[in-house]
1. Please report the spacing between the Cα centers of region A:14-38 and region A:63-100 in Å, no decimals.
2. Would you list, by chain and number, the lysines whose Cα falls below 20 Å from the Cα of A:Lys52, excluding same-chain residues fewer than 8 positions away?
3. Quick check: the angle from helix A:19-29's long axis to the longest principal axis of chain A, C-alpha only, nearest 10 degrees?
4. On a straight-distance basis, which aspartates and glutamates could pair with A:Lys28 in a cross-link, Cα separation under 20 angstrom, same-chain partners fewer than 8 positions away excluded?
5. For B:Ala119, what is the net charge nearby, where nearby means another residue's Cβ is under 15 Å from its Cβ and Lys, Arg count +1, Asp, Glu -1?
6. Give the long-range amide H neighbours of A:Thr34: residues separated by 5 or more places, or on another chain, with amide H under 5 Å away, using H modelled in the peptide plane at 1.01 Å from N.
7. What lysines could a cross-link reach from B:Lys128, if we take a straight Cα to Cα line under 18 Å and drop same-chain neighbours fewer than 8 places away?
8. Given axes a ≥ b ≥ c from the Cα gyration tensor, I'd like to know whether region B:8-114 is rounded (a/c under 1.5), prolate (a/b larger than b/c) or oblate.
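Readers should treat all values here as calculations from the given coordinates under stated rules, not as data from a laboratory. Predicted model only: the values in this text are computed from it and were never measured. Reconstructed Cβ throughout: ideal geometry from the backbone, glycine too, with neighbour counts over all protein chains shown.
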Amino acid sequence: MQDFEKLGVKPVAISVDSPSESQDLSRKAGYTYTFLSDPNTDAIRAYDLLHKGAGVSGHDIARPAEFLIDSTGTIRWINLTGDLRIRARPEQILKAAGTL
Amino acid sequence: MTDSTPAHTNVPDPAGPQAATRRRPNAPLWIGFLISIFAFLSYIPIFAKYPSTRDMPWANFLIFAVGLLFLFLGLRRAYAQPTEYRGKIAGPILTAISVAALVFFCFTIFSLGKHLPAATNAPKVGQKAPDFALADSTGRKVSLASLLSTPDASHPTKGVVLIFYRGYW
């Protein structure tokens with residue numbers, strides 16, 4: 001987390017969870033970065049990441065993905081995993097963030 | 001004197017019914033079974049937490065291998081020395097459950113996580129990131145533009161990493 005701060009890159013987590021659910025998660029896990037709530041999947045659909053019916057009660061959720069965006073709003077790096085279990089590792093994101 | 005000899009021959013064979021209850025327990029079978037179950041159950045609470053044991057669950061496969069080795073040793077003992085060790089019935093059952101756990105583990109690891117939509121229309125590198133305005137965990141509306149323009153602590157913001165995740169619903 002401090003490594004991201006040093007690089008001037010903000011991690012922002014987005015899911016369909018409600019603000020209070022994200023608050024609970026942050027508090028329990030000690031996360032200090034921004035959590036955004038997208039219950040209507042507006043941003044999730046804008047990034048074509050909708051995973052239809054994959055939520056526990058069959059509602060739509062986001063598939064996992066990571067995007068690095070520079071200060072001009074241009075996408076500089078993307079990780080679209082092919083497997084739920086395998087997400088970008090912090091060091092991969094830091095390496096990409098170091099090139100900004 | 002003449003009575004004792006026939007009496008002796010009437011004594012049941014030491015390897016008969018009584019011996020069955022005296023056969024030694026076959027510990028490797030149970031140890032192997034417990035290790036295999038641990039290999040199966042430990043992935044989510046322990047090994048999925050670390051990328052090096054998550055992406056390729058080699059640690060779980062190693063533990064499975066140890067468990068199956070114990071089961072193999074136990075089975076061999078049960079069948080090679082059936083008068084000495086127990087486990088001719090329990091052995092195959094425990095082994096079958098362990099192998100089934102391994103097969104199910106492989107299935108969940110290598111197949112279940114792969115049914116993700118392709119996201120073929122996701123924005124590409126070099127494109128402008130679609131803006132959005134969403135509520136943060138305090139309910140405040142936050143846009144991508146505001147994230148990019150607001151300085152973080154004392155450092156200038158060079159960028160943002162958007163991490164889309166499934167959520168805990």
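1. 19 Å
2. Output for A:Lys52: B:Lys114.
3. Tilt of helix A:19-29: around 60 degrees.
4. A:Lys28 reaches A:Asp17, B:Asp136.
5. Details: positive: A:Arg45, A:Lys52, A:Arg63, A:Arg87, B:Lys114, B:Lys124, B:Arg166; negative: A:Asp48, A:Asp60, A:Glu66, A:Asp83.
Surrounding charge for B:Ala119 is +3.
6. Here the answer is A:Ala13, since their amide H atoms fall under 5 Å of that of A:Thr34.
7. A:Lys10, B:Lys158
8. Working: a/c = 4.48, a/b = 3.59, b/c = 1.25.
Prolate.
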